[in-house]
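Contents: one structure, followed by commentary.
The values are calculated or read from the model by the stated rules, or taken from the named source; none is laboratory data. Just so it is clear, the model here is predicted, and its values are computed rather than measured. Neighbour counts are summed over all protein chains in view; Cβ atoms, including those assigned to glycine, are modelled from backbone coordinates with ideal geometry. Only protein heavy atoms, including side chains, enter the accessible area calculation; ligands, DNA and RNA are left aside. Shrake-Rupley method; radii C 1.70, N 1.55, O 1.52, S 1.80 Å.
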Amino acid sequence: MKHIIIGNGPAGVVAAETLRRLQPQAEIALIGDEAEPPYARMAIPYLLQGDIDEHGTHLRKTHDHFTTHGIHLIQGRVSCIDSVVKQIQFASGERLHYDKLLIATGSHPLRPAIPGIDLANVHTCWTLDDARAIAAKAQPGSRVVQLGAGFIGCIILEALASRGVKLTVVEMGDRMVPRMMTAKAGAMIKRWVESKGVAVHVNTAISAIEQDGDALCVKLGAGGTALQADLVICAAGVRPNVDFLAGSGVEIGQGIRVDRGMRTSVPDIYAAGDVTEAPGFHSGLPQLNAIQPNAADQGRIAAINMAGGNAELQGSLAINVLDTLGLISTSFGHWQGKGDGVELVDEANFRYLSLQFEDDVLIGATSIGWTDHVGALRGLIQTRTRLGAWKARLMADPTQFMAAYLGAAQKAA
Ligand SMILES: Cc1cc2nc3c(=O)[nH]c(=O)nc-3n(C[C@H](O)[C@H](O)[C@H](O)COP(=O)(O)OP(=O)(O)OC[C@H]3O[C@@H](n4cnc5c(N)ncnc54)[C@H](O)[C@@H]3O)c2cc1C
């Protein structure tokens, strides 16, 4: 049996190791197109903060890990797939045959179509190469403008602030982390970040970036207010890496469409990680969910099925935990809700809680400033626990979520 995995991030690595465990005799090739050992992008902020060195970003720490496990690492860019003859083709023209193929090619950061976005010193923060370039420029006192304050933008913001730069964040949405936080919560995070010395502009687009001697001149909005910067970081969202699949027959929405077993529309081709649009936990509809635990879980499920087993995804559930300059926020599940919910806002103490229900089941939650027991919120959502009388109690006092978790779970047991 010949397994090929395209993409050596968390989804690909977990899949390769799972396959090896299940099929000791199989041939396994793991392909990546970066000149690095398999690494975790989510470790890049810790690298920028100086908490770890590059080796600390590597997914497996011993240099012979993959050889010892009989996993053949290949560096190269796959340019297309011929699913009729079951071959992949590299940009070099070389071809390889597969019996089972896993696509785990992840996603790439977007660069909005702004004049000047391709200037030197305008960087995305996605690869180890990006991190090296950013570390060289983001020195204490450097002026840095960051485009975008989404989930990954906020993580990068934290790393940049720790380097002592003068940071300005520009977000087109009406609040920080707009795709993870309610309006009140996003505004609260903004106020917190500003209190720590970071300038934040929301409802504002960057209209152009111009070279101004050694510096960059960043134009804001139609009015053209300008900021001087030594470095611009672009954190404008991500898109799945699917372009090379044209003509392969693999069904694609925004990402690769998969069923709960991570099977694509083409026999013997599977997909896992950021590149997929997997059935959502609540709706069952195709949903992007670009976070690492999701990638690892999907890689494991795909591999079990590639080895002839039978594993199914529970459903893709959004689970986000964010530390923004010391303020912890979370959002779980269908946090936007369907209209039946409760919100507690404590502006003075930077505490916030929103619970969203469907009938008497918790389907989503957002929190700020809660560090104890927030896992109970996720637990209630994931287990689809019927809250019964606890729902009314939570509507009256949402802080009782831990008591509800224990009470409802005991009733169910
Ligand atoms: C700065 C930053 C911080 C983050 N923080 C968090 C966090 O706190 N929590 C969290 O859950 N997630 C976080 N993420 C997101 C997380 O890194 C991704 O969800 C995760 O990496 C997805 O894993 P993956 O294996 O699907 O894809 P990737 O890790 O992107 O790996 C895909 C691999 O495929 C390779 N590839 C792509 N196309 C081809 C091709 N045609 N041929 C050959 N190889 C190819 C790529 O080069 C890459 O090596 C963060 C990401 C970044 C950038």
Filter K166/K219; K137/K219; K166/K190; K61/K86; K196/K219; K166/K196 down to the pairs with a C-alpha to C-alpha distance above 22 Å, please.
K61/K86; K196/K219
From phi via Karplus (6.51, -1.76, 1.60), per-residue ³J(HN,Hα) for the stretch 324-333 in Hz, x at Gly/Pro
9, 6, x, 9, 8, 10, 9, 9, 10, x
Need one number: % antiparallel among DSSP beta bridges in the stretch 216-296, to the nearest 5.
80
Please go through the stretch 126-217 and write out the trypsin sites (Lys or Arg not before Pro) that DSSP classes as loop and that have at most 16 other C-beta atoms within 10 Å.
R179, K196
Grab the other residues whose beta carbon is less than 11 angstrom from that of Q314, score K and R as +1, D and E as -1, and report the net.
0
With Kirkwood's inverse mean 1/r over C-alpha pairs for Rh, give me the Rg to Rh ratio of the stretch 196-271, two decimals please.
1.26
In nm, to one decimal, how far is the S207 label point from the Q87 one, both placed 7 Å along Cα→Cβ?
5.3
If each residue of separation counts as 0.36 nm, what is the full-extension length gain between E54 and C217 once their alpha-carbon separation is subtracted?
55.5 nm
Environment charge at E251 (Cβ cut-off 14 Å; Lys +1, Arg +1, Asp -1, Glu -1):
0
When the Karplus curve 6.51 cos²θ - 1.76 cosθ + 1.60 is applied with θ = phi - 60°, which whole-Hz ³J(HN,Hα) does each residue of the stretch 283-299 get, with x for Gly and Pro?
8, x, 7, x, 8, 6, 8, 8, 10, 5, x, 5, 4, 5, 5, 5, x
Local charge sum around G273 (other residues, Cβ-Cβ under 12 Å, Lys/Arg +1, Asp/Glu -1)?
-1
Quick one: order C154, C80 from most to least accessible surface, probe 1.4 Å.
C80, C154
Amide H within-cut-off set for S316, under 5 Å, with H built and near neighbours excluded
G280, F281
Residue-normalised value, i.e. accessible area per residue, for the stretch 1-59 at 1.4 Å probe, in Å², stands at 41
Could you do me a favour and compute the accessible area per residue for the stretch 309-413, 1.4 Å probe, result in Å²?
46
Over the stretch 204-337, with a single point scatterer placed on each C-alpha, what log10 of the ratio I(q)/I(0) does the Debye formula yield at q = 0.18 1/Å?
-0.97
In terms of modelled amide H atoms, which long-range or inter-chain residues lie less than 5 Å from the amide H of G273?
Q298, G299
Could you give P(r) for the stretch 45-160, binned at 10 Å from zero, as whole percent values over all Cα-Cα pairs?
10, 30, 29, 23, 8, 1
For R111 and D129, compute 0.36 nm times the residue count separating them, minus their Cα-Cα distance, and round to one decimal in nm.
4.8 nm
Mean Cβ neighbour count within 10 Å, used as a protection proxy, ranking 393-404, 86-97, 30-41, 225-236 highest first:
225-236, 30-41, 393-404, 86-97
What does the helix-only formula give at 222 nm for the chain: each DSSP H stretch with n ≥ 4 adding -39500 (n - 2.57), the total divided by the residues, and the result rounded to the nearest 500 deg cm²/dmol?
-7000 deg cm²/dmol
Give the average over all directions of the projected area of the C-alpha convex hull of the chain, one decimal, in nm².
21.9
Computed ³J(HN,Hα) along the stretch 311-319: with the Karplus parameters 6.51/-1.76/1.60, θ = phi - 60°, integer Hz and x for glycine or proline, the list is 10, 9, 6, 5, x, 6, 10, 6, 9
How large, in percent, is the carbon and sulfur part of the accessible surface of the chain at a probe radius of 1.4 Å?
51
For the stretch 107-168: rounded, prolate or oblate by the Cα gyration tensor [a/c cutoff 1.5]
rounded
